[in-house]
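Q: Following this message is one structure expressed as structure tokens.
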Amino acid sequence: METIIWFLKDEDEKPQVKLFLQKLIRQAETDVAYAQLVELIFQALEFLEKRGLSHSIREFFTTSIRSDSLYSIRVVKELENHPPLLEFRVNWRGVGAFRAIFFRYMDDDVEVLVFTQAVLKNASFSLAFEQIVKVSEKQYLAFIKSPEKYILTEGDDLDE
């Protein structure tokens, strides 16, 4: 089964997660810690897309950092009290915890991981994180009512 990551556009027709990642990339141009976080985020996204959700939710993503260290994290976590929303997770000291909310949608034999909202948090509890969960719940409900409004047909720009 093929897995693809897709960035959902909000009411303003903007893909919040994609724009947030672009902001982190700009910060990474002048900050080594942000550069490491961005590198880990994109490696973890690739891991998720290659392995699919069923493997990524139960396996650890592990990669080399620097020449002699390993970085390991479970990049997908189910959000308690908010099914079917899932949390994509990457942490880096000195920057914080990157979190993106997403859900799974099956389009024929393609697993589409629909990313809705992202935030960088610096504490276990984050009001900003709680807010993106609420926004993501609304986006999920709107999506499920009319997926044809959101899912692109062949030949459309996937906005990746």
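The values are calculated or read from the model by the stated rules, or taken from the named source; none is laboratory data. Please read these numbers as outputs of a predicted model, since none were measured by experiment. Neighbour counts run over all protein chains shown; Cβ positions are idealised from the backbone, glycine included. The accessibility values were calculated without ligands, DNA or RNA, using every heavy atom of the protein model including side chains. Shrake-Rupley method; radii C 1.70, N 1.55, O 1.52, S 1.80 Å.
Q: Being touching a helix residue (DSSP H, G or I) at 6+ places or on another chain (Cβ under 9 Å), open to solvent by 50 Å² or more (accessible area, probe 1.4 Å) and among the aliphatic types (A, V, I, L, M), is that true of even one residue in region 87-98?
A: No.
Q: If LEU70 meets every condition in (1) part of a strand (DSSP E or B); (2) within 26 Å of GLU11 (Cα to Cα); (3) over 14 Å from the mean Cα position of the chain (by Cα); (4) of a type outside the set (S, T, N, Q) apart from one, which number is that one?
A: In the conditions (1) part of a strand (DSSP E or B); (2) within 26 Å of GLU11 (Cα to Cα); (3) over 14 Å from the mean Cα position of the chain (by Cα); (4) of a type outside the set (S, T, N, Q), LEU70 misses (2) alone.
Q: Within region 115-150, can you find the residues that are polar (S, T, N, Q), more than 18 Å from PRO84 (Cβ to Cβ) and not in a helix (DSSP H, G or I)? So that I can check it myself, show each step before the final result.
A: Residues of region 115-150 that are polar (S, T, N, Q), as a first pass: 116-117, 122, 124, 126, 131, 136, 139, 146.
If we keep only those that are more than 18 Å from PRO84 (Cβ to Cβ) too, we end up with 122, 124, 126, 131.
Passing the criteria: ASN122, SER124, SER126.
Q: Now a separate question. If you go through region 107-126 one residue at a time, how many are surrounded by fewer than 12 Cβ atoms within 10 Å (Cβ to Cβ) and either modelled with pLDDT of 95 or more or in contact with a Ser or Thr (Cβ under 9 Å, 6 or more places away or on another chain) (or both)?
A: Initial filter on region 107-126 (surrounded by fewer than 12 Cβ atoms within 10 Å (Cβ to Cβ)): 108-109, 122-125.
Next cut, either modelled with pLDDT of 95 or more or in contact with a Ser or Thr (Cβ under 9 Å, 6 or more places away or on another chain) (or both) only: none.
The number of residues fulfilling the criteria is 0.
For (1) in contact with a His (Cβ under 6 Å, 6 or more places away or on another chain); (2) open to solvent by 70 Å² or more (accessible area, probe 1.4 Å); (3) not in a loop (DSSP other than H, G, I, E, B), each residue gets a yes or a no:
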| residue | (1), (2), (3) |
| --- | --- |
| GLU11 | no, yes, no |
| LYS14 | no, yes, no |
| ARG26 | no, yes, yes |
| ALA33 | no, no, yes |
| VAL38 | no, no, yes |
| PHE42 | no, yes, yes |
| LEU45 | no, no, yes |
| ARG58 | no, yes, no |
